[in-house]
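Heads up: the structure comes next, in C-alpha cells.
The values are calculated or read from the model by the stated rules, or taken from the named source; none is laboratory data. Everything numeric in this text was worked out from a predicted model, so none of it was measured. In this analysis, Cβ positions are derived from the backbone assuming ideal geometry, glycine residues included, and neighbour counts consider all displayed protein chains. We work out accessible area using only protein heavy atoms, side chains counted, and drop any ligands, DNA or RNA first. Shrake-Rupley method; radii C 1.70, N 1.55, O 1.52, S 1.80 Å.
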Amino acid sequence: MIDLASELTALRQAGLYRQRRLLSGPQGVRPRIDGRERLAFCSNDYLGLAAHPAVIEALRDGAVRDGVGSGASHLITGHHQAHAALEDALAAFLGRERVLLFSTGYMANLGVIQALCGRGDQLLADRLNHASLLDGAQLSQARLRRYPHADTDRLKTMLGSTHRSAGQSAGGHLIVSDGVFSMDGDLAPIPALATIANATGATLMIDDAHGIGILGAQGRGSLEHLGFDGADAQTAVPVLIGTLGKALGTVGAFVAGSAELIEYLIQRARSYLYTTALPPALARASLAALRIAAHEHERRDQLHRLIARFRAGAETLGLTLADSPTPIQPLMAGDIDTALRWSQFLEDNGILVTAIRPPTVPQGTARLRITFSAAHQTGDVDRLLETLARLPKRRSKKQQQQPAALLDH
Ligand SMILES: *Cc1c(COP(=O)(O)O)cnc(C)c1O
C-alpha cells in the first residue's frame, strides 16, 4: 500500500503536483475560472458546441420528455430510443453498418480491447497512444508491444514477415493507434498501418477522439482527411472509436464498425455491460450536436483558418511547432519547470493554456498544449501570438537545477 503523505510530497517536489481549476458558468473560449474570466486555449470543445443553444435545448427537452437517469444498464432496461437514434445517426454519418455507444471514451477503449483480445493475443500500440488504450491492453491480458511513435518499419519488424492466415490458432494481432495524437496533434500513418494490418492478418483499431467532427470536408475525421471513404474506410479500419466529449461538446463515446462487431461487443464488452446507460437526454443533446457538426461547415472552416493563422504567426516568431494540421498545437518546453513558467506567464497576461507534464507526455517533453476552437476570433489568436512573443526564455541548465518552483497547478 502506498504511503499517501510521502507520495504527495514527492509529487510536489518534482513539480508534478496537480490542482483542479474551478470553473463557473459554461465552457467556452472565455471561461470564468477561479472567479476570473480568461481567454482559454486548452479545451477540446473544438467546434464550440459545449454550450450551443440548440444542444442545450435538446438536453432540456430530452430531460422533460425522458427524465434524467437511464435507471439501468443497456441490457437491463436502460437502452432508450434516444440512444438508438444517436447510434443510427452516427453510423450513417460515418458510413458504417453499426455504432455502439459507451458512456466515455475511456470506457469504450477498455471495453473494446478487453472484448477483442485475450491471453495469447498480441496488441501492437503506438508509444504515444492515449492512456485509455494502454489500460485496455492491461485489462485484456494480451501481450502488449509498443512501437516508437508512427514507426511503421518497426511495427512491421515486430509483426514479422510471415503471413498469418485467418483462423490460425497462434493468437491474433490487434494494432491500435490514436488517429490524431492527443498531446501532439499529428496524424497516425493510417494508410501504412492498414497495409501492414492487411498483409499480416492483424486487425486495425483507430481511436479518432480528436479527428471526428474536425478533419475531412464532412468532418468524418482522420480517415476522411486521408482519403478513405465509406467501404474503404471500413476495410482499412474495421474498429473505429470516436468520442462525443470533444468536437461534439457533450459526453460519451462510440465504436463504429460492422454489424457483427457491434453485436459481439454488446455480448462481451464489460465496460458496456456493467454500467448505467448514459441519460437519454444526453443522447438527444449529442444528436443535436452531431447535426450541427455535420452540416455547419463554416465552423470547421473557421477553425482551420485560425489554425493556419496561428501557425503562420508562430513561424514568424521563430517558435517551433509540431507537424499538426489539427486544433492541437503544442509548444515544446522540454523541462517541467519551463512549461510551468510559460503557463504562469500566459496566465499573468489573462490567457489560459495548461502545461502538460509527464506522465501524460514522455520525460523531457513537457509542453504547452495550445488548442483552438471555432468559437475563437482572429483577434484572440493575435493576442495569443503577441503574448507568446514575450515568453520568458528557457533557463540555463544550471538554473534549472534549482528545485522546481512550487507552482501548484
Ligand atoms: C479524450 C480521449 C479519450 C477519452 O475519452 P473520454 O470520453 O474523455 O473518456 C480516449 N482517447 C483519446 C485519444 C482521447 O483523447
Would it be correct to say that Ala294 is open to solvent by less than 10 Å² (accessible area, probe 1.4 Å) and either more than 16 Å from the ligand (Cβ to nearest atom) or touching a residue at least 60 places away in the same chain (Cβ under 8 Å) (or both)? no
So Tyr46 fits all but one of (1) touching a Phe, Trp or Tyr at 6+ places or on another chain (Cβ under 9 Å); (2) open to solvent by 30 Å² or more (accessible area, probe 1.4 Å); (3) under 21 Å from Gly105 (Cβ atoms); what number is the exception? (2)
Looking at region 252-289, which of its residues are touching a Ser or Thr at 6+ places or on another chain (Cβ under 7 Å) and within 16 Å of the ligand (Cβ to nearest atom)? Gly252, Ala253, Thr275, Thr276, Ala277, Leu278, Pro279, Leu282, Ala285, Ser286, Ala289
State which residue pairs qualify: first residue in contact (Cβ under 8 Å) with a residue 12 or more places away in the chain and inside region 245-264, second residue assigned to a helix (DSSP H, G or I) and among the charged types (D, E, K, R) in any location, beta carbons under 8 Å apart, and separation of 6 or more residues or different chains. Phe254/Glu87
Could you tell me whether region 70-84 includes any residue that is touching a Leu at 6+ places or on another chain (Cβ under 6 Å) and open to solvent by less than 70 Å² (accessible area, probe 1.4 Å)? yes
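For every residue, the table says whether it meets (1) on the phi > 0 side of the Ramachandran plot; (2) in contact with a Leu (Cβ under 6 Å, 6 or more places away or on another chain).
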residue	(1), (2)
Ile175	no, yes
Gly185	yes, no
Ala199	no, no
His210	no, no
Gly219	yes, no
Ala247	no, yes
Gly252	yes, yes
Glu260	no, no
Glu263	no, no
